[in-house]
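Asker: Structure incoming, see below.
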Amino acid sequence: MTEENATITCGFRRKLQLRQEKVDSLVCVGLDPLPEKLPECLRRKFWLSEDWKAIAQWMIDIVDATAMHASMYKLQKAHYEAFNDGDKILRAVIGYIREFYPDIPVFLDCKRGDIGRTQQRYKIAHFEIDGAEGMNFSPYMGSSCMAPLFDIKHPGRAIVGLCHTSNPEAREVQDIACADGRQYWEHIAEKIRDWAYDIGINENAGLVMAAAYEKSKGSGEIFSQHLSKCREIVGDDLWFLIPGVGTQGGFILDTVLAAYAGYGSIAINSSSQINFASSGTDYAQAAGAEAMYLCTQIRKAVNKM
């Protein structure tokens, strides 16, 4: 079996690890289209055709331009649902990646979290119909948010729980102190690890963990303790999907030093910085350049460990 075929048949985390080794990159490219950001050249090209084709072509062009630097692609579901024929766009982009870049794992950012029966339907919708290889969920309603997403016939799929997210408002909820003195997000990290072991998917389960960030704007004080603390809680049992770099301002070196535990342990996402690098005819090349720049910055950080 060739290395490329092996990546197709192995579990998500192993596939991520192999891809990261192959291209020496921890970059996860987010593919999150916004209608007002659509390059004018594509708007004109598809004016007399169906609108969804312009959005699909935009994202596919960014895939081609960034593939050499991408260890993973992440599509944010709402950014497609808000378009007429959004499902066509989403499935066209996922299908393209799986056809032409089969060694790059495809993740759906949908943050589903409901009772078991509903989660079972999400499992079918996102894995079977959309074609994703991994997805995230909200753990707020307990273990039934995670267990029904697992399919014994497909044990290699990634199921990733929200834990310490990158939006500042999350601190209002996730940092609440529990009775035992821990913050709520720490409790969640431990519970998701335990649920993963109970279900038997610990190899591919993960957590959404924000990149290191400035504690208050202009303070210069960088906060990365959540990442190192989470590593203490879950060890290398769970991998981290890390948003918050690029336009959200996460600090790459501090993120890597606190969270990285080898290939397959983290994937650092950037969406807007890459997707909207240019609205001109060079939109694809500009996206590729941003992905290359991020990849280079992360490599420098890893080399300092």
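The values are calculated or read from the model by the stated rules, or taken from the named source; none is laboratory data. Owing to the predicted nature of the structure, the values given are computational and were not obtained by experimental measurement. Don't worry about glycine lacking a Cβ; one is built from the backbone with ideal geometry, like all the others, and counts go over all protein chains shown. For the accessible areas, the whole protein counts, side chains as well, though only heavy atoms, and no ligand, DNA or RNA atoms are used. Shrake-Rupley method; radii C 1.70, N 1.55, O 1.52, S 1.80 Å.
Asker: With the requirement that a residue be closer than 20 Å to residue 235 by Cβ, open to solvent by 10 Å² or more (accessible area, probe 1.4 Å) and touching a residue at least 40 places away in the same chain (Cβ under 8 Å), what does segment 159-184 give you?
Answerer: Correct list: 162 only.
Asker: Here's a follow-up. Kindly indicate whether residue 124 is open to solvent by 30 Å² or more (accessible area, probe 1.4 Å), assigned to a loop (DSSP other than H, G, I, E, B) and of a type in the set (Val, Ile, Thr).
Answerer: Answer is no for this residue.
Asker: Here are 289, 205, 211: which of them is within 23 Å of residue 20 (Cβ to Cβ), aliphatic (A, V, I, L, M) and open to solvent by 20 Å² or more (accessible area, probe 1.4 Å)? Before the answer, list the steps.
Answerer: On the way: 205 fails: open to solvent by 20 Å² or more (accessible area, probe 1.4 Å); 211 fails: open to solvent by 20 Å² or more (accessible area, probe 1.4 Å).
When all the criteria are applied, what remains is 289.
Asker: If I go through segment 101-126 residue by residue, how many of them are under 29 Å from residue 25 (Cβ atoms) and of a type outside the set (A, V, I, L, M, F, W, C)?
Answerer: Applying the first criterion (under 29 Å from residue 25 (Cβ atoms)) to segment 101-126 yields 101-112, 126.
Then drop every residue that is not of a type outside the set (A, V, I, L, M, F, W, C), which leaves 101-103, 105, 109, 111-112, 126.
Looking only at that region, the number is 8.
Asker: Assuming residue 216 fulfils every condition listed in (1) hydroxyl-bearing (Ser, Thr, Tyr); (2) open to solvent by 40 Å² or more (accessible area, probe 1.4 Å); (3) assigned to a helix (DSSP H, G or I) apart from one, which condition is it?
Answerer: (3)
Asker: While we're here: Limited to segment 257-272, what total is found for residues that are more than 23 Å from residue 135 (Cβ to Cβ) and open to solvent by 50 Å² or more (accessible area, probe 1.4 Å)?
Answerer: The first filter runs over segment 257-272 and keeps only residues more than 23 Å from residue 135 (Cβ to Cβ), leaving 257-258, 260, 262.
The next check asks that each one be open to solvent by 50 Å² or more (accessible area, probe 1.4 Å); those that pass are 257.
Of the residues in that region, 1 qualify.
Asker: Also, quick follow-up: Evaluate segment 246-256: report whether one residue or more is touching a Phe, Trp or Tyr at 6+ places or on another chain (Cβ under 7 Å), open to solvent by less than 60 Å² (accessible area, probe 1.4 Å), free of Cβ contacts under 8 Å to residues at least 60 places away in the same chain and not in a loop (DSSP other than H, G, I, E, B).
Answerer: Within segment 246-256 (the criterion being touching a Phe, Trp or Tyr at 6+ places or on another chain (Cβ under 7 Å), open to solvent by less than 60 Å² (accessible area, probe 1.4 Å), free of Cβ contacts under 8 Å to residues at least 60 places away in the same chain and not in a loop (DSSP other than H, G, I, E, B)), the answer is no, since none of the residues qualifies.
Asker: Mind checking whether some residue in segment 59-79 is closer than 28 Å to residue 123 by Cβ and loosely packed, with under 14 Cβ neighbours inside 10 Å?
Answerer: Yes, segment 59-79 contains at least one residue that is closer than 28 Å to residue 123 by Cβ and loosely packed, with under 14 Cβ neighbours inside 10 Å.
Asker: Note down all Cβ pairs under 6 Å where the first residue falls in segment 226-244 and is on the phi > 0 side of the Ramachandran plot, the second is not in a helix (DSSP H, G or I), and they're at least six residues apart or on different chains.
Answerer: Every condition considered, the pairs that remain are 244/166; 244/210; 244/211; 244/250.
Asker: Checking the structure you have, find out if any residue of segment 272-295 is touching an Asp or Glu at 6+ places or on another chain (Cβ under 6 Å), aliphatic (A, V, I, L, M) and assigned to a strand (DSSP E or B).
Answerer: So far as segment 272-295 goes, no, none of its residues is touching an Asp or Glu at 6+ places or on another chain (Cβ under 6 Å), aliphatic (A, V, I, L, M) and assigned to a strand (DSSP E or B).
Asker: Against the conditions (1) at pLDDT 95 or above; (2) open to solvent by 60 Å² or more (accessible area, probe 1.4 Å), where does residue 194 fall short? Just the number, please.
Answerer: Result: residue 194 passes all but (2).
Asker: If residue 48 satisfies every condition in (1) open to solvent by 20 Å² or more (accessible area, probe 1.4 Å); (2) at pLDDT 95 or above; (3) of a type in the set (A, V, I, L, M) but one, which is the exception?
Answerer: Every condition holds for residue 48 apart from (2).
Asker: Does residue 187 count as open to solvent by 10 Å² or more (accessible area, probe 1.4 Å), out of contact with any helix residue (DSSP H, G or I) (no Cβ under 9 Å at 6 or more places or on another chain) and either part of a loop (DSSP other than H, G, I, E, B) or at negative phi (or both)? Steps first, answer last, please.
Answerer: On the way: open to solvent by 10 Å² or more (accessible area, probe 1.4 Å): yes; out of contact with any helix residue (DSSP H, G or I) (no Cβ under 9 Å at 6 or more places or on another chain): yes; either part of a loop (DSSP other than H, G, I, E, B) or at negative phi (or both): yes.
Against the criterion (open to solvent by 10 Å² or more (accessible area, probe 1.4 Å), out of contact with any helix residue (DSSP H, G or I) (no Cβ under 9 Å at 6 or more places or on another chain) and either part of a loop (DSSP other than H, G, I, E, B) or at negative phi (or both)), residue 187 qualifies.
Asker: Regarding residue 111, is this residue in contact with a strand residue (DSSP E or B) (Cβ under 9 Å, 6 or more places away or on another chain), in a helix (DSSP H, G or I) and either modelled with pLDDT under 95 or surrounded by 12 or more Cβ atoms within 10 Å (Cβ to Cβ) (or both)?
Answerer: Criteria not met by residue 111.
Asker: Against the condition under 12 Å from the mean Cα position of the chain (by Cα) and modelled with pLDDT of 95 or more, how does residue 73 come out, does it pass?
Answerer: Working: under 12 Å from the mean Cα position of the chain (by Cα): yes; modelled with pLDDT of 95 or more: yes.
Yes.
Asker: Also, quick follow-up: Pairs under 6 Å by beta carbon, first residue under 17 Å from residue 268 (Cα atoms) and assigned to a helix (DSSP H, G or I) in segment 60-84, partner of a type outside the set (Phe, Trp, Tyr) and open to solvent by 30 Å² or more (accessible area, probe 1.4 Å), six or more apart or different chains?
Answerer: Note: pairs meeting the criteria are 69/292.
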